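To start, the structure itself, in structure tokens.
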Amino acid sequence: MSRMLGPLLLTGVIWSAFADDPLPPAEAIEALRARIPMTAEAFFALRQAYRRKGFTIAGVQSVDLIARVQAEIERALEGQVTREQFLAEMPRMFARFGVSPASAHHIETVFINGMQSSYNAGRWSMQTDPDVADLFMWQYDAVDDDRTRPSHRAMDGVTLPSDDAIWTRWYPPNGHRCRCRIITVPVDEAKRTDKRAIARAAPDPGWEGNPGQ
């Protein structure tokens with residue numbers, strides 16, 4: 001949607017509607033810490049509903065390495081490591097474990113997926129706070145530029161109550177390198193979407209769910 005609604009005052013914390021959050025996101029960090037490092041084999045053996053509780057890297061069999069990468073993403077959330085520093089360090093870290101990363105693109109995807117899953121889990125935690133949950137409806141923001149995939153663009157601007165069942169399968173990220181997010185709209189300003197208009201829309205395979213649940 002690319003419409004700046006400004007910061008949201010939730011439980012005493014200013015939380016930006018977009019990615020450039022001015023403060024270390026405590027809820028996002030906690031969400032990442034709660035995820036269990038595991039191999040891809042173990043991850044995909046889980047039922048879909050439980051996969052958001054795991055952290056894995058395709059092609060990596062060392063749980064210790066996966067845990068180290070997870071810790072570096074946590075440092076990035078805390079503002080201790082930049083994206084560029086993370087990308088530069090990962091080949092060296094992989095080498096110390098005797099693993100060759102698939103590509104620079106693969107490592108960047110791991111970073112983006114980890115950051116976006118954590119940020120959005122943190123947003124979900126704040127947006128569902130009982131003190132504010134009834135004040136807003138939720139709106140899907142798909143960025144809507146030349147990199148937005150069609151299925152996500154179909155969801156752009158969809159506005160529904162925060163307790164609508166759709167958010168159990170359509171809460172970002174909904175695919176690799178997904179930049180979508182849920183923003184909030186005051187109930188008295190929101191225009192509810194007719195769900196029949198998005199009946200055919202579906203998240204990317206394996207990305208149906210909610211990182212906060």
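Can you pull out every residue in the stretch 143-169 that is without any contact (Cβ under 8 Å) to a residue 60 or more places away in the chain and β-branched (V, I, T)?
Residues satisfying the conditions are T148, V158, T159, I166, T168.
Let's see how each residue does on (1) modelled with pLDDT of 95 or more; (2) touching a strand residue (DSSP E or B) at 6+ places or on another chain (Cβ under 8 Å); (3) assigned by TED's automatic domain parsing to the domain that holds R52:
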{"position": "P91", "(1), (2), (3)": "no, no, yes"}
{"position": "F94", "(1), (2), (3)": "no, no, yes"}
{"position": "A102", "(1), (2), (3)": "no, no, yes"}
{"position": "M115", "(1), (2), (3)": "no, no, yes"}
{"position": "M137", "(1), (2), (3)": "yes, yes, no"}
{"position": "A142", "(1), (2), (3)": "yes, no, no"}
{"position": "R153", "(1), (2), (3)": "yes, no, no"}
{"position": "R169", "(1), (2), (3)": "no, yes, no"}
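Of all residues in the stretch 138-159, which are part of a strand (DSSP E or B) and surrounded by fewer than 20 Cβ atoms within 10 Å (Cβ to Cβ)?
The answer is T159, and nothing else.
Looking at (1) touching a strand residue (DSSP E or B) at 6+ places or on another chain (Cβ under 6 Å); (2) modelled with pLDDT of 90 or more, can you tell me which one I73 breaks?
That leaves (1) as the condition not met.
Please determine, by comparing only the residues of the stretch 174-188 that are in contact with a strand residue (DSSP E or B) (Cβ under 9 Å, 6 or more places away or on another chain) and farther than 18 Å from N210 by Cα, which one is surrounded by the fewest Cβ atoms within 10 Å (Cβ to Cβ).
Checked the stretch 174-188; the qualifying residue surrounded by the fewest Cβ atoms within 10 Å (Cβ to Cβ) is P186.
Out of the residues in the stretch 36-94 that are among the hydroxyl-bearing types (S, T, Y) and not in a helix (DSSP H, G or I), which is surrounded by the most Cβ atoms within 10 Å (Cβ to Cβ)?
T56
Would you please name the residue that is surrounded by the fewest Cβ atoms within 10 Å (Cβ to Cβ), looking only at residues in the stretch 189-201 that are closer than 16 Å to Q139 by Cα and hydrophobic (A, V, I, L, M, F, W, C)?
Among those that are closer than 16 Å to Q139 by Cα and hydrophobic (A, V, I, L, M, F, W, C), it is A197.
Can you tell me which residues in the stretch 160-169 are outside any loop (DSSP other than H, G, I, E, B) and within 16 Å of V185 (Cβ to Cβ)?
L160, P161, I166, W167, listed by residue number.
The values are calculated or read from the model by the stated rules, or taken from the named source; none is laboratory data. As the structure is a computational prediction, the values presented were derived from the model and not from experiment. Cβ sites come from the backbone with ideal geometry, for glycine too, and all protein chains shown count toward neighbours.
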